[in-house]
């Protein structure tokens, strides 16, 4: 166990460094991997000094039970996230909402570009669809996310009359809340985001009163996928248990 924990701690530390090199400091959540690394090093040290063997049996049993319950809960939530990332609507959607993500001075981030590529792919198959690009301007962004998204799709060849902009939102909830005002009653709606994000987006859509919403998962950036899946676990737990309709 000391070797396993120490090795896992080193891997978390390496991944933290790679995330910063690959994406830059675009998310404070990356520091969770640094904390996780420190925790694993500490756990490895506790195993090395046989700390747990000196605890009374009830304490050891309690620790093992708590760990098992937390692990099962974590895997169950991740299973929900992964299941939603594999769903696709069977019929054409009247509208699709592309959820915003970080925009750099050079254009959409990798995650956002993958969402926009999916929107273009979907429009190519269903050219009557209206696309809503949703996202305001963050403090570290050069322009609104929606304007960068619209420009990206225009350059792909999608006609401007098939693109609507929602440029006030600052998070996923607002993306869906403000975009809903642009959609007629009883219209079918597809929500485009990276696969790991679809589960939470659909839950928020249900809470906000969407009656005919479906997820349209885009590919996820492979290098950032472990971090995104871990972050989404906490986001899903928060939204499912704290947000009420």
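Values in this text are rule-based calculations from the coordinates and carry no lab data. These figures come from a predicted structure and were not determined experimentally. Cβ coordinates were reconstructed from backbone atoms using ideal geometry, including for glycine residues, and neighbour counts include every protein chain displayed.
The table below gives the values:
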read-out	value
Efficiency of FRET from Cβ geometry, residue 219 and residue 48, R₀ 35 Å, rounded to 0.05	0.25
Modelled FRET efficiency - R0 22 Å, residue 203 with residue 230, Cβ distances, 0.05 increments	0.75
For the chain: relative contact order, % (alpha-carbon pairs under 8 angstrom, 6 or more apart)	21 percent
Relative packing of 131-140, 154-163, which averages over residues the other C-beta atoms within 10 Å, highest first	131-140, 154-163
FRET E, pair residue 171, residue 65, Förster distance 35 Å, beta-carbon r, rounded to 0.05	0.45
Inter-probe distance in nm under a simple model that places probes 7 Å from Cα toward Cβ, at residue 155 and residue 241	4.3 nm
DSSP-defined antiparallel bridges as percent of all bridges, the chain, nearest 5	10 percent
Quarter of Cα convex hull surface for the chain, i.e. mean projection, nm²	14.9 nm²
Top of 169, 27, 193 by mean-square fluctuation, Gaussian network on the chain, Cα under 10 Å	27
Per residue, the convex hull volume that the Cα atoms of segment 18-79 enclose (Å³)	109 Å³
Mean projected area (nm²) of the alpha-carbon convex hull when segment 72-124 is viewed from all directions	5.3 nm²
Length-normalised contact order of segment 2-84 in % [C-alpha pairs under 8 Å, at least 6 apart]	34 percent
